[in-house]
Structure formats: structure tokens, C-alpha cells
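Novice: Sending over a structure as C-alpha cells; questions will come in a sec.
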Amino acid sequence: MPSKVDSRTLDRVVIRDARDALVLFYGDWCSDCSAFRPMWDRWTKGRKGDFYELEVGKGSPEWHEWDLREIPTVALFLDGAEENRAEGDITVGQLDDLWKLLLEQR
């Protein structure tokens, strides 16, 4: 099950501690995020790995801090750096591709 984190915690765990992870950037106010949520929940269920969720407010500093162009965004972090991402109308296939990249690092 994904862990909800704030930006500071995400930076510490994923960047400074160099943890391999998939991170969902979303907003409760975002209709596309609400539509994506059930797919994300089903997809992460039963998978073992580090999954995090960071809620992004309208116009919040997280947009620039995490270089977001749109939400939802699922970003893959490997060894403390972002390696790839899927944005907007994210498909199960895109999530699977990110997952494969993550598993290749193990």
C-alpha cells in the first residue's frame, strides 16, 4: 500500500536515502487524478515495493520542486534520481513499464 508523504519526507527518503520508488503526484482537487486513483490503487495492491503519494496543491511549491507539468504524474526514482515518468492520462501499460525498469535495478 502506498505511503502518503509530504515533500520534505519524499526528498529525504527517495533522494537523500537513494531509495528506488514509484511516486504518485496528485491533487484531491484534480478530476483526472480522481479518475486515475482506482487504477493506481488496484495496480499497487499486492506489489512489493516502495510506493509513495504526494498531494500537490494548486500553485503549490511542489510543482517547481518536483518539475511537474501536469498531474497525475507517476515518477520512477532510482538511486536518488528521477529516471522516468508517466503523466496525464496514465495507462496500466505505462505503470507496468515503470515497474519493469524498477525491477531491473534489483
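Novice: Looking only at segment 67-98, which residues are outside any helix (DSSP H, G or I), β-branched (Val, Ile, Thr), over 12 Å from residue 22 (Cβ atoms) and in contact (Cβ under 8 Å) with a residue 12 or more places away in the chain?
Specialist: 71
Novice: Moving on to the next point. Considering only segment 1-32, state which residues are hydrophobic (A, V, I, L, M, F, W, C) and within 12 Å of the chain's Cα centre (by Cα).
Specialist: Hits for segment 1-32 are 5, 10, 14, 21, 22, 23, 24, 25.
Novice: In segment 33-46, which residues are under 15 Å from the mean Cα position of the chain (by Cα) and under 22 Å from residue 88 (Cβ atoms)?
Specialist: 33, 34, 36, 37, 38, 39, 40, 41, 42, 43, 44, listed by residue number.
Novice: Specify the residue that is surrounded by the most Cβ atoms within 10 Å (Cβ to Cβ); the eligible residues are those in segment 12-39 that are assigned to a helix (DSSP H, G or I) and either touching a Cys at 6+ places or on another chain (Cβ under 9 Å) or touching a residue at least 40 places away in the same chain (Cβ under 8 Å) (or both).
Specialist: 14
Novice: For residue 94, are the conditions met, namely being out of contact with any Leu (no Cβ under 9 Å at 6 or more places or on another chain) and surrounded by fewer than 17 Cβ atoms within 10 Å (Cβ to Cβ)? Explain how you work it out, then say what you get.
Specialist: Details: out of contact with any Leu (no Cβ under 9 Å at 6 or more places or on another chain): yes; surrounded by fewer than 17 Cβ atoms within 10 Å (Cβ to Cβ): yes.
Spelling it out, residue 94 is indeed out of contact with any Leu (no Cβ under 9 Å at 6 or more places or on another chain) and surrounded by fewer than 17 Cβ atoms within 10 Å (Cβ to Cβ).
Novice: Do the conditions hold for residue 29, that is, is it at pLDDT 95 or above, at negative phi, of a type in the set (A, V, I, L, M, F, W, C) and in contact with a strand residue (DSSP E or B) (Cβ under 9 Å, 6 or more places away or on another chain)?
Specialist: Considered against the rule, which asks whether it is at pLDDT 95 or above, at negative phi, of a type in the set (A, V, I, L, M, F, W, C) and in contact with a strand residue (DSSP E or B) (Cβ under 9 Å, 6 or more places away or on another chain), residue 29 comes out as no.
The values are calculated or read from the model by the stated rules, or taken from the named source; none is laboratory data. Bear in mind that the values here come from a model prediction, so they are computed numbers and not experimental data. Please note: Cβ atoms are built from the backbone with ideal geometry, for glycine as well, and neighbour counts cover all protein chains shown.
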